[in-house]
Amino acid sequence: MNKFVIAVYVENKFGVLTRVTSMFTRRGFNIDALTVGETESPEYSRITISLSGDGYAREQLINQLRKLFNVRKVEVLEPDCIKRELMLIKIENRPEHRADIHYAADAYRAKVVDYTNDGMCIEVTGDPTKIDAFIEIMKPYGIIEMCRTGIVALERGKETLLGKEN
Amino acid sequence: MKLTGAEILVRTLIDEGTTDVFGYPGGQVINIYDALYKYKDELNHVLTAHEQGAAHAADGYSRATGKVGVCIATSGPGATNLVTGIATAMLDSIPMVAITGNVPCSLIGKDSFQEIDITGITLPITKHNYFVNNIESLQDTIREAFAIAKSGRPGPVLVDIPKDVQVATYDYEPKEKMPKFPLRLAKDSEIEAAIKLLNEAKRPYIYIGGGAAGLGMGQAIVDFANRIDAYIGCTFMGLSSIPTDCPRFLGMQGMHGHYASSMAQNEADLILGIGVRFSDRATGNVKKYAKNCKIIQLDPDFSEINKNVSVDVGIVGDVEYSFKKIITGVLDKKNPEWVDRVESLKADEARFEEEIANKAKAPLTPKMMLDVINENKPEGTVIVTDVGQHQMWTAQYVKFDRTRRFVSSGGLGTMGFGLGAAIGARVATGDPTVLITGDGSFGMNLNELATAVSHKIPLVIVIADNGVLGMVRQWQTLFFNKHYSNTVLTDRKTDFVKLAEAFGAVGKRVFTKDEFADAFREALKVTDGPVVIDAVIDKDEFVLPMLPPGGSIDDIIVNIDKEGK
C-alpha cells in the first residue's frame, strides 16, 4: 500500500464535487483526505486527493475520474511535489506543560492563535508528516480538539498540470 | 426568433435529428407538451402507459438505430419512474437523453409538491446530467447532452428543466449538431505491440462486445478472421454484430454461452477483445479465466482496460481506427491444428444439442419455438427480449442477419424491459419486431400493451409461458435443494389471451410446435397492433450449457435431466 496524491482540475460548475465524491463511494475507493479550492483560472477548481492503495486502485481511480464530464485533467503528482497542510490544534494549558508546548511550537514554527487559562490553540502548517509529528508531541499534554485541512500540493518547476500531456 | 424554453427544447430535439419521443405528461411538463402539440408535424410523441415504459422505448429506439433515444417525464414520481430505464441504458452504454420537468427554481429545495432531486438520484446511473437553471443555456445544454450521449462510450444523459425555464422566452436560431468529442487515436507503438502478438498467435480468438456491435465492423472482422484462421465469439451485447451463419462465428460465450465458443476461448492462445468489458457473466471466475492466453483489448473507455481482467496490450480510443491499423500489419496465416480443434468442438456442441433435443418429450420446447421464429421471421426482423431463461434461449438460438437487430437488457438484466423497448425499436425502424418474453417479465410492464394498441404498433409478442420464474427456479433446482421459494406463478391464474383482448389486442394460446408456427405466421401478418402468443412450455426446461456462478470453464454443465442431475 503506497500513499499518493492526485490533483484534479474540474470545471467550476454546480455539483462537480458531488460527482467526484459520489464516484468514490460508488466504486468503493477509500480516500484519506480531499481538499478543493480556487486556482489561477476562474473556470477551474483544483481538487487534491490523498489516498493509500495499490497500483490497481490508483489506475482505476484516475481512469474513473477522467470519465467524469466536468473533469478537465487528472494527474498523480510526483512523490517530491510540494505538499502543505494546515492544522488547528487545541491543547490543555497546564502550568507544568506550558513551557514545553511553547518550545515545541517554536521548533515547528507553529503559532499560538488563541490562549486562555485552561487551553490554547496552535496553528501549524507544513508537510503532512510534520503535522503528524507535531500531533505525536502534543499527545501527552492533552489534545482537546484538532482539525486538519487535508493537503494542497504543487509540483516543482515551471511546468503546470494543465500544460502536461496526457 | 423568440421562443419559450419548452419550444426551444422541442426545436432543439428536432435539430438533433430526433423523429420520435416517448413520454408521459404531468404538472411540470405541461409547457413541454404544449410545445409538442405545436410541433407535432415534425416530432412524433408516443404516450406510454408508465414512464418506465417510455425510458425503455427510448432505449429500444436507440439500440435498433444507433440514434439517441429521447424520453420525457414530469417531476417527482414521473422522474423516479425513469430511473430503472436510465440505469438499463447506462449498464449497456446506450445513448439516450432523458428530459424531466421540475418545480420552478423559486420552489426548489422546499419539498414542494412533486419535487425530487432527480439529478442527485441519477448521478451514478447517467453518463452526465444537468439541472438547467437559466434559459440562456438551455439550447446549448440540450445540444451538449446529445453530444455526450453519443460520444466515445455512449450512455444516458438526463436534463432536468424547472418550470420557470420552460416558460421563459429567449432567442432561438437553429444550430448545427454539436460534433462528437474526438476519440484518442492509438499510438503506433501500441498497434505494433498488438500486431506482434497476433502474428505469434497459433490459436487466435476474436471476441466482440457491445462496443463493436453498433460500429458495423462485422464484415471486416469476418474477413480478418478468415485471413488468420481465427474464430469469432461474442458477449451477450455483441450478438447480431456478426451474421449467425458465418462459419467462423461461434456465438456467445460465457455463463450460458455456446459450448464451442466458451471452450475455444479457454483454449485460445490469444484473445483480441473489441469493445468488451470482461463482465463476471462472461468470464466466470477471473482467476481461472483465459489463463494461458495473451489478451489484446480495444476500447474507447480508459477505465475498462485492466478493470476486470489484466490484459497484455490495452489500446484506448477509437476502436475502428485501432482495428483497421492492426489488421493491415498482421500477416496472413494458416492454423490447421486450431481449425481442427475448433471444428471438433463445434461437432461436440452439435451432438450435445441433438441429445437434448432428442430427449425432449414436450410438444413445444424453447428450441422448437426459436426454430420456428428463425424459419419464419422476415429479413431484418428486430428481436427484443425481456430477462430470464427465454432471453438466454434467444441469445443462443436466434439467427441474426444484420447488426442492431438484437435488443435486450444485458448489464442490468431488467425484467420488464422488453415491451417498452420493442415499441421503441418498432417505431424507430418500421421493421418487423418480435418480442420474446416470459410470463414473469411480461407481468412486470404489460401495461404497455395499451401503448402498442393505441399507436397501432404491430408487434409479435411471444410469451414463453412456463408458469414459473424459470431462471431462478433453475438455480433453485441446481443449487438450493429445489426449494422453489416464490418462483411459482401458476396461482396467479393470469389468462394472457383474455388479457390481450382486454387491452384491445389479439391473443392466442398454443401448446404444440405446429400451433405455434401457425400462430406466429398469422401474427406477422397483423399490421395494426400487437399480437400476444401465449406459448405454454414445461416449467423445468433448463438453459444449457451453464457455467455455475463463480465457476470456470472446467465446471461447465452441458446436459442435465429435469431432476437437475
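The values are calculated or read from the model by the stated rules, or taken from the named source; none is laboratory data. Computed from a prediction, not measured in an experiment: that's the story for all the values here. Counting neighbours? That spans all protein chains shown, and the Cβs are built from the backbone with ideal geometry, glycine included.
In the set (1) assigned by TED's automatic domain parsing to the domain that holds residue B:229; (2) among the basic types (Lys, Arg); (3) buried (at least 17 other Cβ atoms within 10 Å of the Cβ), the condition left unmet by residue B:333 is number (3). Before we move on, is residue B:174 more than 13 Å from chain A (Cβ to nearest Cβ), surrounded by fewer than 15 Cβ atoms within 10 Å (Cβ to Cβ) and without any contact (Cβ under 8 Å) to a residue 60 or more places away in the chain? So residue B:174 does not fit the description; no. Of everything listed in (1) more than 14 Å from chain A (Cβ to nearest Cβ); (2) more than 17 Å from residue B:339 (Cβ to Cβ), the single unmet condition for residue B:310 is (1).
The range B:190-300 holds helices (runs of 4 or more DSSP H) entirely within its bounds, and those carrying 3 or more residues that are surrounded by fewer than 19 Cβ atoms within 10 Å (Cβ to Cβ) and modelled with pLDDT of 95 or more map to B:218-228.
Residue pairs whose Cβ atoms lie under 7 Å apart, separated by 6 or more positions or on different chains, with the first residue in the range A:1-25 and of a type in the set (D, E, K, R) and the second loosely packed, with under 13 Cβ neighbours inside 10 Å, are A:11/A:43. When you check residue B:144 against the structure, is it within 12 Å of another protein chain (Cβ to nearest Cβ) and either of a type in the set (Asp, Glu) or in a strand (DSSP E or B) (or both), yes or no? So residue B:144 fits the description; yes. Here is the figure for the range A:1-18: residues that are more than 11 Å from residue A:65 (Cα to Cα) and aromatic (Phe, Trp, Tyr) total 2. Against the conditions (1) under 21 Å from residue B:469 (Cα atoms); (2) modelled with pLDDT under 95; (3) within 15 Å of the chain's Cα centre (by Cα), residue B:362 satisfies every one except (3). Taking strands (runs of 3 or more DSSP E) as the structural unit, no element lying wholly within the range A:1-114 holds at least 2 residues that are of a type in the set (Asp, Glu), surrounded by 17 or more Cβ atoms within 10 Å (Cβ to Cβ) and within 14 Å of chain B (Cβ to nearest Cβ). On the given criteria, is residue B:78 closer than 17 Å to residue B:447 by Cβ, over 22 Å from the mean Cα position of the chain (by Cα) and buried (at least 22 other Cβ atoms within 10 Å of the Cβ)? Yes, satisfied. Within the range B:93-108, the set of residues being over 18 Å from residue B:12 (Cα atoms) and out of contact with any Ser or Thr (no Cβ under 7 Å at 6 or more places or on another chain) comprises B:93, B:104, B:105, B:106, B:107, B:108.
Do we find that residue B:339 is more than 14 Å from chain A (Cβ to nearest Cβ) and farther than 28 Å from residue B:546 by Cβ in this structure?
Values: more than 14 Å from chain A (Cβ to nearest Cβ): yes; farther than 28 Å from residue B:546 by Cβ: no.
Judged against the criteria, residue B:339 is not a match.
Which pairs have Cβ atoms under 6 Å, sit 6 or more apart or on different chains, and link a residue in the range B:138-160 that is surrounded by fewer than 24 Cβ atoms within 10 Å (Cβ to Cβ) to one that is of a type in the set (Asp, Glu)? What qualifies is B:153/B:301.
Which one of these is within 27 Å of residue B:254 (Cα to Cα) and in contact (Cβ under 8 Å) with a residue 60 or more places away in the chain: B:408, B:441?
So the residue among B:408, B:441 that is within 27 Å of residue B:254 (Cα to Cα) and in contact (Cβ under 8 Å) with a residue 60 or more places away in the chain is B:408.
Checking the range B:309-318 against the condition returns a match, with at least one residue being within 18 Å of residue B:154 (Cβ to Cβ) and in contact with a helix residue (DSSP H, G or I) (Cβ under 7 Å, 6 or more places away or on another chain).
Matching residues to (1) loosely packed, with under 14 Cβ neighbours inside 10 Å; (2) closer than 26 Å to residue B:286 by Cα; (3) over 23 Å from the mean Cα position of the chain (by Cα); (4) among the charged types (D, E, K, R):
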{"residue": "B:456", "(1), (2), (3), (4)": "yes, no, yes, yes"}
{"residue": "B:460", "(1), (2), (3), (4)": "no, no, no, no"}
{"residue": "B:479", "(1), (2), (3), (4)": "yes, yes, yes, no"}
{"residue": "B:491", "(1), (2), (3), (4)": "yes, no, yes, yes"}
{"residue": "B:501", "(1), (2), (3), (4)": "yes, no, yes, yes"}
{"residue": "B:510", "(1), (2), (3), (4)": "no, no, yes, no"}
{"residue": "B:531", "(1), (2), (3), (4)": "no, no, no, no"}
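Take the residues in the range B:491-516 that are without any contact (Cβ under 8 Å) to a residue 40 or more places away in the chain and of a type in the set (A, V, I, L, M, F, W, C), then tell me which one is farthest from residue B:466 (Cα to Cα). Out of the qualifying residues, it is B:502. Of all residues in the range A:134-145, those satisfying the criterion of being surrounded by 14 or more Cβ atoms within 10 Å (Cβ to Cβ) and within 22 Å of residue A:52 (Cα to Cα) are A:134, A:135. Taken over the range B:326-361, the criterion of being part of a helix (DSSP H, G or I) and within 17 Å of residue B:223 (Cα to Cα) is satisfied by B:326, B:327, B:328, B:329, B:339. With a requirement of 1 or more residues that are away from chain A (no Cβ under 14 Å), β-branched (Val, Ile, Thr) and touching a residue at least 60 places away in the same chain (Cβ under 8 Å), the helices (runs of 4 or more DSSP H) lying completely within the range B:61-132 that satisfy it span B:83-91. Of all residues in the range B:93-112, those satisfying the criterion of being more than 20 Å from residue B:21 (Cα to Cα) and in contact with a helix residue (DSSP H, G or I) (Cβ under 8 Å, 6 or more places away or on another chain) are B:103, B:104, B:105, B:106.
Report yes if some residue within the range B:255-262 is closer than 30 Å to residue A:59 by Cα, away from chain A (no Cβ under 14 Å) and touching a residue at least 24 places away in the same chain (Cβ under 8 Å); otherwise report no.
Checked the range B:255-262: at least one residue is closer than 30 Å to residue A:59 by Cα, away from chain A (no Cβ under 14 Å) and touching a residue at least 24 places away in the same chain (Cβ under 8 Å).
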